[in-house]
Every structure is written in structure tokens, then in C-alpha cells.
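Here the structure is laid out as C-alpha cells; the discussion comes afterwards.
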Amino acid sequence: MTYDTIIIGKGPAGISAALYLVRSGYTILVLGSSVGALERAETIENYYGFPQALSGSDLASRGIAQAERLGVEIRSEEVVHLGMEELWSVKTDAATYTAKTVLLATGKSRSTLKVPGFEEYRGKGISFCVTCDGFLYRGKTLALLGAGEYAANEWAELGVFTQDRMVFTNGAEVTGTFPADTRFITQKITAFTGADTVTGITTEDGTTHPVQGVFVALGTAGATSFAATLGIELTGTDIVVDSEYMTNIPGIFAAGDCTGGFLQIAKAVSDGALAAKGIHVYLKKIFT
Ligand SMILES: Cc1cc2nc3c(=O)[nH]c(=O)nc-3n(C[C@H](O)[C@H](O)[C@H](O)COP(=O)(O)OP(=O)(O)OC[C@H]3O[C@@H](n4cnc5c(N)ncnc54)[C@H](O)[C@@H]3O)c2cc1C
């Protein structure tokens, strides 16, 4: 089936948009791999309507229950790839779905490593997008950083460009579905080295592994990863949206922390509602 909208993220922005869209009669699917930022918020006291403080997890569960009561389909799946065929194709660790529009409500991106050299070689051999940059590194010795399903998806794509490659898990448990012959380096990374571009990755045992390029696929694919793949405009790590909450790519909308600004629940909820309005206008204009 084709959904009118697939919402990536089941935090306040994604759920708020879902509430508006389902009540307008649209077919929607919400995909979320975790609760999001609220999971770490011990006490919420500044959100409207709760005389007693409550935990972030409690607030998130209430939002999800509210959406489910209204008939929103919510799946706990991780999105590993977002692409365009005739319509938007959203690939998760479990299935591939199709939609007319997509709302990115993925929260704040955190796919960086705080080790010497990482920031220095970002864009100088360290890339965040196999689809965009893989071709530039064909036949080279490459490293992929990550251990989850998103990394496994990037690993498969990287195989088109080189077989001389290894996965650096940086000490994380491997949870992605990698082929049996995948070469893993499991030690923690202590530095990225090089000259004009990155040429080595040093691990905690003191070994420097020679590389000619590094692709980053840490944790889950966030807003910046999708942005890199699709050519979505960013300011820093924030997705740029217009007054209708649409990105520069028609049919792709964004809301909440991933668009930057005031990183608070109230703003995320407001963004979600306004993005739903923007999606409604777009669906009416393009698909009816
Ligand atoms: C410790 C802490 C305390 C806070 N305290 C407060 C407070 O007191 N008051 C307040 O207003 N705000 C507080 N905040 C901020 C608030 O939590 C965020 O502003 C808000 O949750 C943002 O909502 P969001 O929907 O944009 O993103 P998030 O809530 O982060 O939700 C992001 C969603 O996207 C999903 N996702 C991301 N990538 C993928 C993928 N590839 N596949 C599938 N799903 C994906 C995540 O699993 C999650 O469901 C706090 C934040 C933190 C970290």
C-alpha cells in the first residue's frame, strides 16, 4: 500500500504531526526506533497541561497512546535508507514502505565521534554518505564506522565501490546484519591521522590502520544522513525548511529538533502541527 505520509520519528514532533494528519483522514505510518530525546529527560515541568511534573518517558508514552487511540499505525523500526523511485521509498530494518510524502522528525543528529582528527578530516576523506561519495573512492581502502542496521545497509552499498574495506565498531556490539566474511576492527578508535586527507585510524591497542577514506554510519541514520543522501539543504546540522515546513526537496518535510532553533517539547509539538498543515496543502495540490 502507498501511505500519504510516512513520519520518521515518534517523539513530540512526529506524534504531533500524526495526530493532525490522521484526524484529517490521511493514511500515515510512524516509524521510530526509540523514544528519542525524552527518554533521557528525568523531569518535565515546563510543558502545558501537567500540574504535576512527569518524566520524559511518561510524556512520550502518553503521546504514543493518544495517537494509537486515534488509529495511527506506529512501528518500532529503524529507517536505514530513504530514496525516491516513483514515490518515496522508506527502507527499515524490517521492511520497505512507499509514501507520497515523508516527514523527518528524527530529533537532533549526534552521529559524530569525539576523537582527535575527526572534525579536522570531516569532508577531507571522512564522509557521511556512501550514496553521494562512494564513487569517488572506488577501488580504495575504506573504513566504515558503525555496528548497527544502518551501518550494515551502508556496508552493502559500499561493496559496489570496493572490496578492500573494514568495519570499525569503536567498541560497540555488532547488532546489524553484516555478511559472514565482514572484517571487523572492534577496538575503540583513539585518533584519525593524515596530512591533507585522512590516511589512518588509530585504535586503543596503538595500531594505525591505513585507510584512504572513512564513511560514518554510527547509531541510527539521522536527519543529516538523510539530508546528505537526498541533497536536503542544511545549516550546520539543522534541516532548512520553508514556511510550510517543506525542505528544498518537494515532498520531504521536517519538524522538531532536527530543524534546530529552540530544542524544547513545545516547539517540537508546534512544528509537528504546522508540518501536518503543510503536508495537507501539498497532498491536495499535487495528488488531487
Ligand atoms: C536530558 C534532556 C532533558 C530535556 N528536558 C526537557 C524539558 O524539561 N522540557 C522541554 O521542553 N524539553 C526538554 N528536552 C528536549 C526535548 O526532549 C526535545 O526538544 C524533544 O524531544 C524534541 O522532539 P523531536 O520529536 O523533535 O525529537 P525526539 O524527541 O528526539 O524524537 C526523535 C525520534 O526520531 C526517531 N528516529 C531518529 N532516527 C531514526 C531512524 N533512522 N529510524 C527510525 N526512527 C528514528 C527516534 O527514535 C525518536 O523516536 C530535554 C532533552 C534532553 C536530552
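Couple of notes before you dig in:
- Pick from the stretch 16-52, criterion of a type in the set (Gly, Ala, Ser) and farther than 21 Å from residue 6 by Cα, ranking: modelled with the highest pLDDT: 49
- Scan of the stretch 22-40 for residues that are within 11 Å of the ligand (Cβ to nearest atom) and open to solvent by less than 60 Å² (accessible area, probe 1.4 Å), ordered by number: 30, 31, 32, 34, 35, 36, 37, 38
For (1) touching a helix residue (DSSP H, G or I) at 6+ places or on another chain (Cβ under 6 Å); (2) open to solvent by 20 Å² or more (accessible area, probe 1.4 Å), each residue gets a yes or a no:
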position: 83; (1), (2): no, no
position: 105; (1), (2): yes, no
position: 115; (1), (2): no, yes
position: 119; (1), (2): no, yes
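- Any hit, the stretch 276-287, residues being of a type outside the set (A, V, I, L, M, F, W, C), open to solvent by less than 50 Å² (accessible area, probe 1.4 Å), within 14 Å of the ligand (Cβ to nearest atom) and not assigned by TED's automatic domain parsing to the domain that holds residue 134: no
- Scanning the stretch 41-53 for residues that are part of a loop (DSSP other than H, G, I, E, B), within 6 Å of the ligand (Cβ to nearest atom) and either in contact with a strand residue (DSSP E or B) (Cβ under 9 Å, 6 or more places away or on another chain) or within 30 Å of residue 148 (Cβ to Cβ) (or both) yields a count of 2.
- Scanning the stretch 174-226 for residues that are more than 22 Å from residue 120 (Cβ to Cβ) and within 16 Å of the ligand (Cβ to nearest atom) yields 175, 176, 177, 220, 221, 223, 226.
- Qualifying position, being within 14 Å of the ligand (Cβ to nearest atom) and not assigned by TED's automatic domain parsing to the domain that holds residue 241, among 148, 171: 148
- Residue within the stretch 122-131 that is touching a residue at least 12 places away in the same chain (Cβ under 8 Å) and within 10 Å of the ligand (Cβ to nearest atom) present: no
- Selection from the stretch 1-21 of residues that are buried (at least 19 other Cβ atoms within 10 Å of the Cβ), assigned to a loop (DSSP other than H, G, I, E, B) and either charged (D, E, K, R) or touching a strand residue (DSSP E or B) at 6+ places or on another chain (Cβ under 8 Å) (or both): 9, 10
- Restricting attention to the stretch 227-260, the residues that are among the β-branched types (Val, Ile, Thr), within 12 Å of the ligand (Cβ to nearest atom) and open to solvent by 30 Å² or more (accessible area, probe 1.4 Å) add up to 1.
- Every residue from the stretch 250-267 that is over 12 Å from residue 104 (Cα atoms) and at pLDDT 95 or above: 250, 265, 266, 267
- Going through (1) under 24 Å from residue 174 (Cα atoms); (2) within 11 Å of the ligand (Cβ to nearest atom) one by one, residue 263 falls short only on (1).
- Any pair with Cβ under 9 angstrom, 6 or more apart, that starts in the stretch 42-67 at a residue that is within 18 Å of residue 14 (Cβ to Cβ) and ends at one that is buried (at least 16 other Cβ atoms within 10 Å of the Cβ) and charged (D, E, K, R): 60/10; 63/10; 64/10; 67/10
- Any hit, the stretch 161-178, residues being small (Gly, Ala, Ser), surrounded by 13 or more Cβ atoms within 10 Å (Cβ to Cβ) and closer than 16 Å to residue 140 by Cβ: no
- Odd one out for residue 19 among (1) touching an Asp or Glu at 6+ places or on another chain (Cβ under 7 Å); (2) more than 9 Å from the ligand (Cβ to nearest atom); (3) closer than 15 Å to residue 272 by Cα: (1)
The values are calculated or read from the model by the stated rules, or taken from the named source; none is laboratory data. These numbers come from a predicted model, not from an experiment. Reconstructed Cβ throughout: ideal geometry from the backbone, glycine too, with neighbour counts over all protein chains shown. All accessible areas refer to the heavy atoms of the entire protein, side chains included, with ligands and DNA or RNA removed. Shrake-Rupley method; radii C 1.70, N 1.55, O 1.52, S 1.80 Å.
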